[in-house]
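Colleague: This is the structure I have questions about; it appears just below.
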Amino acid sequence: MRKGKLTNEELNSCLSVIKNNNEDLVALKGGIGEDCAVVKGFGDMLVTSDPITAETENAGELAMRVSANDIYSSGGIPLIATLTVIVPPTSETDRIAKIISDAERVAEELGITIVGGHTEFSDSVVREIVSVTMIGKPRGKDTVSTGGGKEGDTLFMTKYAAIEGTAILAARHKELIDDRDREELDTVNSSLSIAKDSMLAVEAGVHAMHDVTEGGVFGAVCEMAAASGVGALVSVKDIPVLNVTRKLAKRLKISPMRLISSGSLLIATDDADRLKEAFRGSGILLTEIGRLGGEKTVADHGDRLEEISVTADELFTAEKEGMNL
């Protein structure tokens, strides 16, 4: 059991994997004795911050991808990040090293430089917390907001519902997974970034974008509708869900529609044909799921209509249910 900072030797070992992936932008990275990074100005900035608090093996990767996806969903390009890792006293330094290494692997893939952060053993947490603050710039002249949707816009989503939630639950409940499921999980694990989704949507001139995170597809639709000042209607039967997701959801008594789904992008546009053309041949699944408009946000289940709102993510329900398996 230990508390407080890593030793300088331990910290040096953990941080040795982090490179400067933006040398024209980052003059000095944070490090031992360097509490601040030096970053050259680059005009308008997009800034976001997200923690990973769920118990998952790939927390370092998820933390980077979730924050990067916030930048991408605003029509931007992520450039620099800070990484904070707080673990319980029972953890090992090797675990911190893996989190940092996984984060750097994603950073290098996406062209992001981790410029600083913090690491600590603390009895204030019962499981690890990995938090990333990220800064980016607009891809073009303007950003794309969540609240830019218009009455009558067509709603599209990329990939599948509950992507991130599926990855987390599959890692927690390996006993529920068979060989056929693992093939689909390869699709899940390779789909956590919306970098390409965002680029194609921006090129198509869409009105609004929102990454599908906590609260799942239903939560994302509710948030976009509220931010845009309109209602929405979504067709549940049209929302694509992988078989492995349905299997886990059934066993854990949860809804895939309300399960965290980083890696999926919600898009509103008044030119559906242009958006479809932009995605044609990209290898990214693009599905029309509804429309913006009206006074309420409603899910059409086929046999009934349900007024929906933002609720707690089903990941928390799954955690409680999993204890009974």
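Colleague: Put +1 on the Cβ of each Lys and Arg and -1 on the Cβ of each Asp and Glu in the range 89-150; which of Ser91, Gly148, Ile135 then has its Cα farthest toward the positive end of the dipole?
Modeller: Projecting each Cα onto the dipole axis, the largest value belongs to Gly148.
Colleague: If you don't mind, there's one more thing I want to ask. For a quick protection proxy, order the peptides 208-215, 157-164, 190-197, 120-127 by their average other-Cβ count within 10 Å, most packed first.
Modeller: Ranked by mean Cβ neighbours within 10 Å, highest first: 157-164, 208-215, 190-197, 120-127.
Colleague: Moving on. Please give the length that would be gained between Ala27 and Glu9 if that part of the chain were fully extended, namely 0.36 nm times their separation in residues minus their C-alpha to C-alpha distance (nm, one decimal).
Modeller: Working it through step by step, the gained length comes to 4.1 nm.
Colleague: Under a cut-off of 17 Å between alpha-carbon atoms, report the lysines in cross-link reach of Lys276, not counting same-chain residues fewer than 8 places apart.
Modeller: Leaving aside lysines fewer than 8 places away in the same chain, those within reach of Lys276 are Lys159, Lys196.
Colleague: Output the antiparallel fraction of DSSP beta bridges having both residues in the chain, as a percent to the nearest 5.
Modeller: 75
Colleague: Something else: Apply the Karplus parameterisation 6.51 cos²θ - 1.76 cosθ + 1.60, with θ equal to phi minus 60°, to every residue of the range 255-264 and state each ³J(HN,Hα) to the nearest whole Hz, in sequence, with x for glycine and proline.
Modeller: 9, x, 6, 10, 9, 3, 9, 3, x, 10
Colleague: Pull up all non-local amide H partners of Ala208: gap of 5 or more, or a different chain, and H-to-H distance under 5 Å with H placed in the peptide plane.
Modeller: Those lying under 5 Å, H to H, from Ala208 are Ala268.
Colleague: Hey, could you get me the Stokes-Einstein D for the chain, Kirkwood radius over alpha-carbon pairs, 20 °C and 1.002 mPa s, rounded to whole µm² s⁻¹?
Modeller: Roughly 105 µm²/s, to the nearest whole number.
Colleague: Using a ≥ b ≥ c from the Cα gyration tensor of the range 47-113 (square roots of the eigenvalues), is it rounded, prolate or oblate, where a/c under 1.5 gives rounded and otherwise the larger of a/b and b/c decides, a/b for prolate?
Modeller: The shape class here is prolate.
Colleague: If you don't mind, there's one more thing I want to ask. If I take every Cα pair under 8 Å that is 6 or more residues apart in the chain, average their sequence separation and divide by the length, what percent do I get for the relative contact order? Provide the component values of the computation, followed by the final result.
Modeller: Numbers: 725 pairs, mean separation 68.5, N = 325.
Dividing the mean separation by the residue count of the chain yields 21 percent.
Colleague: Let me ask something additional. Kindly identify the range 200-285 as rounded, prolate or oblate by the Cα gyration tensor criterion: order the square roots of the eigenvalues as a ≥ b ≥ c, call it rounded if a/c is under 1.5, otherwise compare a/b with b/c, prolate if a/b is larger, else oblate.
Modeller: oblate
Colleague: ³J(HN,Hα) across the range 105-120 via Karplus (A = 6.51, B = -1.76, C = 1.60, θ = phi - 60°), whole Hz, x for Gly/Pro?
Modeller: Along the range 105-120, the couplings run 4, 5, 4, 5, 4, 9, x, 10, 9, 7, 9, x, x, 7, 10, 6 Hz.
Colleague: Could you calculate the contour length gain from Glu277 to Arg304, that is, 0.36 nm times the residue separation minus the distance between their Cα atoms, to one decimal place in nm?
Modeller: Details: separation 27, 0.36 × 27 = 9.72 nm, distance 3.28 nm.
That works out to 6.4 nm of additional length.
Colleague: Let me ask you something else. Would you mind checking the tilt of helix 243-252 against the longest principal axis of the Cα atoms of the chain, expressed as 0 to 90 degrees and rounded to 10?
Modeller: 80
Colleague: So between Thr287 and Ala171, what do we pick up on full extension, going 0.36 nm a residue minus the alpha carbon distance? Walk me through the numbers on the way to the answer.
Modeller: On the way: separation 116, 0.36 × 116 = 41.76 nm, distance 2.72 nm.
Gain in length upon complete extension: 39.0 nm.
Colleague: Something else: For Lys320, list the lysines whose Cα falls under 23 Å from its own Cα; do not include residues on the same chain fewer than 8 positions away.
Modeller: Lys174, Lys247, Lys250, Lys253
Colleague: Hey, if you drop one equal point scatterer on each alpha-carbon of the range 105-262 and run the Debye formula without solvent, what base-10 log of I(q)/I(0) do you get at q = 0.15, 0.19 Å⁻¹?
Modeller: -0.99, -1.31
Colleague: Under the rule a/c < 1.5 gives rounded, and otherwise a/b versus b/c splits prolate from oblate, where does the range 259-325 land using the Cα gyration tensor?
Modeller: oblate
Colleague: If contacts are Cα pairs under 8 angstrom and at least 6 residues apart, what is the relative contact order of the range 223-310 in percent?
Modeller: Over the range 223-310, the number comes to 52 percent.
Colleague: Would you grab the residues whose amide H sits under 5 Å from the one on Gly76? Only those 5+ places off in sequence or on another chain, please, with H modelled 1.01 Å from N.
Modeller: Amide H neighbours of Gly76, under 5 Å, 5+ apart: Arg139.
Colleague: Also, quick follow-up: Long-range amide H contacts for Ile289: which residues qualify at under 5 Å (H placed 1.01 Å from N, peptide plane, sequence gap of 5 or more or a different chain)?
Modeller: Long-range HN contacts for Ile289: Leu155, Phe156, Met157.
Colleague: Tell me the angle of helix 216-228 to the major Cα principal axis of the chain, expressed in degrees between 0 and 90 and rounded to the nearest ten.
Modeller: Taking Cα atoms only, the helix is inclined about 80 degrees.
Colleague: Can you give the FRET efficiency to the nearest 0.05 for Lys320 and Asn189, using r as the Cβ-Cβ distance and R₀ = 22 Å?
Modeller: 0.30
Colleague: Still on this structure, please answer the following. Using the alpha-carbon atoms, what tilt in degrees (0 to 90, nearest 10) does helix 163-172 show relative to the longest principal axis of the chain?
Modeller: 50
Only the coordinates and a few stated rules stand behind these numbers; no lab work does. Remember, predicted model here, so these are calculated numbers, not experimental data. Using ideal geometry, Cβ is built from the backbone for each residue, glycine included, and neighbour counts are taken over all protein chains shown.
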